[in-house]
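Below you'll find the structure, written out as C-alpha cells, and then a few comments.
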Amino acid sequence: MRSLAAIGLGSNLDSEFGDREANLREAVRRVGELGQVRAVSSFYDTEPVGYREQPRFLNGAILLETELGPQELMRELLAVERAMGRERAGAVAKGPRVIDLDLLLYGDWVLWAEDLILPHPTMAERRFVLEPLAEIAPGWMHPVLGVTVRELLAGLGRDS
C-alpha cells in the first residue's frame with residue numbers, strides 16, 4: 001500500500017555536490033529512489049534556529065508517495081543523509097550540516113516510538129518547515145492538532 005509522506009529538507013554547507021541548493025536537489029533525487037516524488041516546494045533562505053553561529057539555511061519540502069512504512073522510510077532518509085556526508089554522532093545540536101531530512105507527516109499517522117515521532121514534534125512551531133510545506137500541501141491536516149498546514153502557518157508570529 002502506498003502512503004504520502006511530507007519530508008522537510010535543509011542545508012547550510014557546501015559539499016561535493018555544490019552549494020546549498022545543489023545539496024537539496026541531490027537529496028530530492030536520492031529520496032525519489034524511495035518512492036515517487038509528487039511535489040517539490042521552492043527553496044527558502046532562512047536564519048538558523050537554536051545554534052545561531054552558523055551560515056543561513058536553505059529549506060524546502062517534498063511530498064513522497066512510497067510503499068515504505070514510516071520507520072523504514074526514516075531509516076532510509078538517515079541513510080541518504082549519511083551517504084551525502086552528514087554525521088549526526090558528535091555533531092553540534094542544530095549545527096551546520098550538508099543535509100537535513102525530517103519526516104514531518106506520514107498520511108494521518110500518529111506515532112510515538114523511540115526512533116520516530118509523528119507528526120514531527122516541532123513542525124507546528126517552525127516557519128522554515130511550514131512555509132515550504134504550505135506551498136505544496138496547504139490542506140494537509142495535522143493529525144493531532146486538527147488544523148491544516150496553511151492554518152498552522154497563518155497562526156505563527158513573524159519571528160517563528
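The values are calculated or read from the model by the stated rules, or taken from the named source; none is laboratory data. All figures in this text were calculated on a predicted structure; none of them were measured in a lab. Heads up, the Cβs are rebuilt from the backbone with ideal geometry, glycines too, and the neighbour counts pull from every protein chain shown. Remember, those area values only see protein heavy atoms, side chains included, never the ligands or the DNA or RNA. Shrake-Rupley method; radii C 1.70, N 1.55, O 1.52, S 1.80 Å.
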Q: Compute the signed sum of charges (Lys and Arg +1, Asp and Glu -1) over the other residues within less than 15 Å, Cβ to Cβ, of S42.
A: -1
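Would you mind calculating the relative contact order of the chain from Cα pairs under 8 angstrom and at least 6 residues apart, reporting the percent as a whole number?
Normalised by residue count, the contact order of the chain is 27 percent.
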Q. Largest first, how would D14, D102, D19 line up by accessible area (1.4 Å probe)?
A. D14, D19, D102
Q) In the Gaussian network model of the chain, springs joining C-alpha atoms below 10 Å, which of V37, V28, V144 carries the largest mean-square fluctuation? A) V144
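On alpha carbon coordinates alone, what is the Rg over Rh value for the range 14-160, Rh being the Kirkwood radius?
Radius of gyration over Kirkwood radius for the range 14-160 works out to 0.93.
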**Q.** Kirkwood hydrodynamic radius over Cα pairs of the range 57-96, then Stokes diffusion coefficient at 37 °C and 0.692 mPa s, in µm²/s
**A.** 272
Q.
Within the range 1-149, what whole-number % of the accessible surface is contributed by carbon and sulfur, with the 1.4 Å probe and all protein chains included in the calculation?
A. 51
